[in-house]
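Structure first, commentary second.
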Amino acid sequence: MAVIENAKVTVVGAGAVGSATAYALMIRGAAREVVLYDIDDARATAEALDLAHGAMFTGASEVVGTSDVGRAAGSHVIVVTAGAAQRPGQTRLELVETNARIMASLIPSLVEASPRAIVIIVTNPCDVLATLAVEQTGADPARMFASGCVLDTSRLRLALARRAGVDPRSVHAHIVGEHGDSEFPLWSSARIGPIPVTEWDDSFTPDELDAIATEVRTAAYSVIEGKGATNYAIGLSSTRIVEAVLATSGRSCPSRRDSRAPSVSTESPSRCRRSSGPRARCRSTGSASRRPSTSCSRARRRRSPRRPRRCGRGCRGDSFVRACP
Ligand SMILES: NC(=O)c1ccc[n+]([C@@H]2O[C@H](COP(=O)([O-])OP(=O)(O)OC[C@H]3O[C@@H](n4cnc5c(N)ncnc54)[C@H](O)[C@@H]3O)[C@@H](O)[C@H]2O)c1
């Protein structure tokens, strides 16, 4: 998948989630340069070396492991995975005290090193920590948000797909709410292909839907019980969000923004991109838009809904290709 040329992505935390995220970024070619930062220098260096040894087979040309936060400078996107992880049976919210302390020490220096970066908080409880991080730094909530329910949505689609006997990519359904024990599926909009899930066949009874919701909500507990951590799917989910931010995937993600971001519902799909990203092109003339074609909240505020944007050559604004999801 094409992304911003020379995109630099820093992954903070080289543990199970951070290293899986760096791996997914590499094999999907989502970033040209991946920096893996951790306070544990030996771990970060070793993980990066192991990843770099596979560079011949991937798109990323540079993978750096470091305990020097300065190496994160100039990142386009920062994915934060550092912090305490759930132990078997522990809830995400029980991590808040420890991880809030870690975020308070980490985020300001990361933002100082990369003031234009979009920051994605994966560390749990990710929605709470993202809100705290915005408060602590005064960052624009559209530039600092949580990975939210992207992973849970993937789990939901898998559960539905397996029952229906279809590819998960043919399932359109979302988990919303706080990533954790209070999240829930939007059954009213859930579809398999174009067919509402409840009309697919008789097996999707209310009881069965409840069972699926519980299965998704407790999925992490089952994985942690067996192997101590969840990492591969969150690595892929985080990479999906990075691709959306870097503007070329055309995907929407149920990641979470702070509720104070104007004109964006807290559960709205992530539709943000870097303001310095590639320009949108007019379908008719091929000319680049002066303003980024973005649905991020700041751009929405600037734009009046009654006045379609024009590319300067007479085309209606709605003929612009939206490069970002
Ligand atoms: N949002 C999601 O969907 C999701 C999914 C899975 C896991 N998680 C969360 O991701 C986090 C990481 O999980 P994990 O399994 O990788 O844990 P882990 O223990 O394997 O790795 C954590 C890493 O963070 C590093 N670290 C700790 N404090 C740091 C600091 N101040 N600066 C830099 N690095 C620091 C540690 O050295 C360690 O390498 C946990 O909070 C977990 O709950 C979130």
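The values are calculated or read from the model by the stated rules, or taken from the named source; none is laboratory data. Source: prediction; values computed, not measured. Ideal geometry is used to build each Cβ from the backbone, glycine not excepted, and the neighbour counts take in all protein chains shown.
Key figures
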read-out	value
Matching residues, the range 39-56, being touching a helix residue (DSSP H, G or I) at 6+ places or on another chain (Cβ under 8 Å) and either farther than 16 Å from Ala20 by Cα or within 10 Å of the ligand (Cβ to nearest atom) (or both)	Glu47
Unmet criterion (only one of (1) within 12 Å of the ligand (Cβ to nearest atom); (2) part of a helix (DSSP H, G or I); (3) not aliphatic (A, V, I, L, M)) for Arg71	(1)
Flag if Val223 is modelled with pLDDT of 95 or more, over 19 Å from the mean Cα position of the chain (by Cα), within 16 Å of the ligand (Cβ to nearest atom) and assigned to a helix (DSSP H, G or I)	yes
Number of the condition not met by Thr218 [criteria: (1) within 16 Å of the ligand (Cβ to nearest atom); (2) hydroxyl-bearing (Ser, Thr, Tyr); (3) in contact with a helix residue (DSSP H, G or I) (Cβ under 7 Å, 6 or more places away or on another chain)]	(3)
Residue match in the range 6-20 (condition: away from the ligand (no atom under 15 Å from the Cβ), among the hydrophobic types (A, V, I, L, M, F, W, C), at negative phi and surrounded by fewer than 23 Cβ atoms within 10 Å (Cβ to Cβ))	no
Single residue of Ala133, Ala146, Ala117 found to be more than 10 Å from the ligand (Cβ to nearest atom), touching a His at 6+ places or on another chain (Cβ under 8 Å) and closer than 20 Å to Val79 by Cβ	Ala117
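Yes/no per residue for (1) assigned to a loop (DSSP other than H, G, I, E, B); (2) surrounded by 20 or more Cβ atoms within 10 Å (Cβ to Cβ):
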residue: Val128; (1), (2): no, yes
residue: Val134; (1), (2): no, yes
residue: Gly148; (1), (2): yes, yes
residue: Val166; (1), (2): yes, no
